[in-house]
């Protein structure tokens, strides 16, 4: 199995910010090359424009966008390309906090590296997950009801943080 065969892929959540950074970077680099009145303005335009270009491209090329979640009969699996990054057997899930209204879910595996946040509005994550309503339904189907807790806040976070 690999990340390419599952429908629950990670995707950038703030594409607008990345494209704005790229656009402003291009404008600053071009203005530094054409219309800046002195050397300091030219240097400032080049440096800030290059930083904007770098940050925009870094966000869009992040390895996070290769991640995907797969639901198996015995475990929840997070893939990085063709390698497993996380395997959380259903019997090791401590609890699942879910806010169905805001499509947010936190699967607690006992440690931050063994947990998964499916972010909705207000949740602190730079990613989103494709078809997250289906993913949340699949998770809830595989976790016993006594380990599922409804959350009143769309900002579900790990209580240990």
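Applying the selection to the stretch 100-125, what residues are exposed (fewer than 14 other Cβ atoms within 10 Å of the Cβ), touching a residue at least 40 places away in the same chain (Cβ under 8 Å) and in contact with a strand residue (DSSP E or B) (Cβ under 9 Å, 6 or more places away or on another chain)?
Once the filter is applied, which keeps residues that are exposed (fewer than 14 other Cβ atoms within 10 Å of the Cβ), touching a residue at least 40 places away in the same chain (Cβ under 8 Å) and in contact with a strand residue (DSSP E or B) (Cβ under 9 Å, 6 or more places away or on another chain), the stretch 100-125 yields nothing.
Residues in the stretch 123-144 that are at pLDDT below 90 and more than 24 Å from residue 14 (Cβ to Cβ): how many?
So the count comes out to 0.
Look at residue 120 and say whether it is modelled with pLDDT under 90, under 17 Å from the mean Cα position of the chain (by Cα) and either in a loop (DSSP other than H, G, I, E, B) or assigned by TED's automatic domain parsing to the domain that holds residue 19 (or both). Before you say what the answer is, go through the steps one by one.
On the way: modelled with pLDDT under 90: yes; under 17 Å from the mean Cα position of the chain (by Cα): yes; either in a loop (DSSP other than H, G, I, E, B) or assigned by TED's automatic domain parsing to the domain that holds residue 19 (or both): yes.
Yes.
Could you check, for the stretch 91-99, whether at least one of its residues is modelled with pLDDT of 90 or more and part of a helix (DSSP H, G or I)? It would help to see each step written out before you state the result.
Step one: of the stretch 91-99, the residues modelled with pLDDT of 90 or more are 91-98.
Going one step further and asking which of them are part of a helix (DSSP H, G or I), we end up with 91-92.
Within the stretch 91-99 (the criterion being modelled with pLDDT of 90 or more and part of a helix (DSSP H, G or I)), the answer is yes, since at least one residue qualifies.
Return the total of residues in the stretch 55-70 being touching a helix residue (DSSP H, G or I) at 6+ places or on another chain (Cβ under 8 Å) and surrounded by fewer than 18 Cβ atoms within 10 Å (Cβ to Cβ).
4
The values are calculated or read from the model by the stated rules, or taken from the named source; none is laboratory data. Nothing here was measured: the structure is a model prediction, and the numbers come from that model. Note that we place each Cβ from the backbone using ideal geometry, even for glycine, and neighbour counts take in every protein chain shown.
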